Amino acid sequence: SLYRVTPGKTSEETKVEKLSVPIGQAQGLLCVQNKLFVVVNGNAAQGSGLYRITDKDNNDEWDTVELMKKFQGGGEHGPHAVRLGPDGKLWVIAGNHTKPPQDFNPASPLKNWAVDLLLPRNPDGNGHATGVMAPGGWVCKTDLDGKSWEFFCGGFRNQYDIAFNQDGELFTYDADGNLTQDGRW
């Protein structure tokens, strides 16, 4: 479930209310222009994806859930965060167990990826993600309506969050390891 917390000066004055919308398993939340954007990682609502929640009747209660983009993947290395970029776009990230969104803009910065090998593949000895190949974890951006998606960068294993500095530069960290030159994680 989702909850709204209104902090008070004391714990007794702090208000916690469960939202009545049928969604949960959120790993990313962002409120922009009276809309709540939610990255679901799991089976809640219609499954992993980016959702927009609105208050259609303006009664201060979120009441409408709309799937903006379905994601194929989930779990610990699944979809994670959504942030508002300095360009006014929604920036969304997912780990390497989530395939990139379908139908992204062909003019995207990242559009041709592959794992080229000179030597035979040497998969992870522990067997983790041995079949997951490039582009791996990814960063995409979309407009506030979720209509136009750009595939910005990839090659991560499990980046969990992103941030922008005052110069508009994007930062992230990988919670595990990066994709190596021979396609191993």
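The values are calculated or read from the model by the stated rules, or taken from the named source; none is laboratory data. Computed from a prediction, not measured in an experiment: that's the story for all the values here. Every residue, glycine among them, receives a Cβ derived from its backbone with ideal geometry; neighbour counts consider all protein chains shown. For the accessible areas, the whole protein counts, side chains as well, though only heavy atoms, and no ligand, DNA or RNA atoms are used. Shrake-Rupley method; radii C 1.70, N 1.55, O 1.52, S 1.80 Å.
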Quiz item: Among the listed residues Leu144, Leu119, which satisfies the condition of being touching a residue at least 12 places away in the same chain (Cβ under 8 Å), more than 17 Å from Phe71 (Cβ to Cβ) and open to solvent by 50 Å² or more (accessible area, probe 1.4 Å)?
Solution: Leu119
Exercise. Determine, yes or no, whether Leu170 is open to solvent by 40 Å² or more (accessible area, probe 1.4 Å) and modelled with pLDDT of 95 or more.
Key: yes
Exercise. Kindly check whether there is at least one residue in region 149-161 that is open to solvent by less than 20 Å² (accessible area, probe 1.4 Å), modelled with pLDDT of 85 or more and among the hydrophobic types (A, V, I, L, M, F, W, C).
Key: yes
Quiz item: Can you name every residue in region 98-116 that is at pLDDT below 85 and open to solvent by less than 80 Å² (accessible area, probe 1.4 Å)?
Solution: Ala114, Val115
Quiz item: In region 47-88, which residues are closer than 21 Å to Tyr3 by Cα, open to solvent by 30 Å² or more (accessible area, probe 1.4 Å), among the polar types (S, T, N, Q) and not in a strand (DSSP E or B)?
Solution: Asn58, Asn59
Exercise. Run Ala114 past the list (1) closer than 15 Å to Tyr51 by Cα; (2) free of Cβ contacts under 8 Å to residues at least 24 places away in the same chain and report the number of the one that doesn't hold.
Key: (1)
Quiz item: Does any residue in region 53-73 that is on the phi > 0 side of the Ramachandran plot come within less than 6 Å, Cβ to Cβ, of a residue that is modelled with pLDDT under 95 and among the basic types (Lys, Arg) six or more places away or on a different chain, and which pairs are these?
Solution: Gly73/Lys99
Quiz prompt | Of all residues in region 5-38 being more than 16 Å from Lys69 (Cα to Cα) and in contact (Cβ under 8 Å) with a residue 24 or more places away in the chain, the one that is most open to solvent (accessible area, probe 1.4 Å) | solution = Gln33
Quiz item: Are any of the residues in region 94-108 farther than 21 Å from Lys141 by Cβ and in contact with a Gly (Cβ under 9 Å, 6 or more places away or on another chain)?
Solution: no
Quiz item: If you take the residues in region 173-183 that are open to solvent by 80 Å² or more (accessible area, probe 1.4 Å) and modelled with pLDDT under 55, which one is farthest from Pro79 (Cα to Cα)?
Solution: Gln181
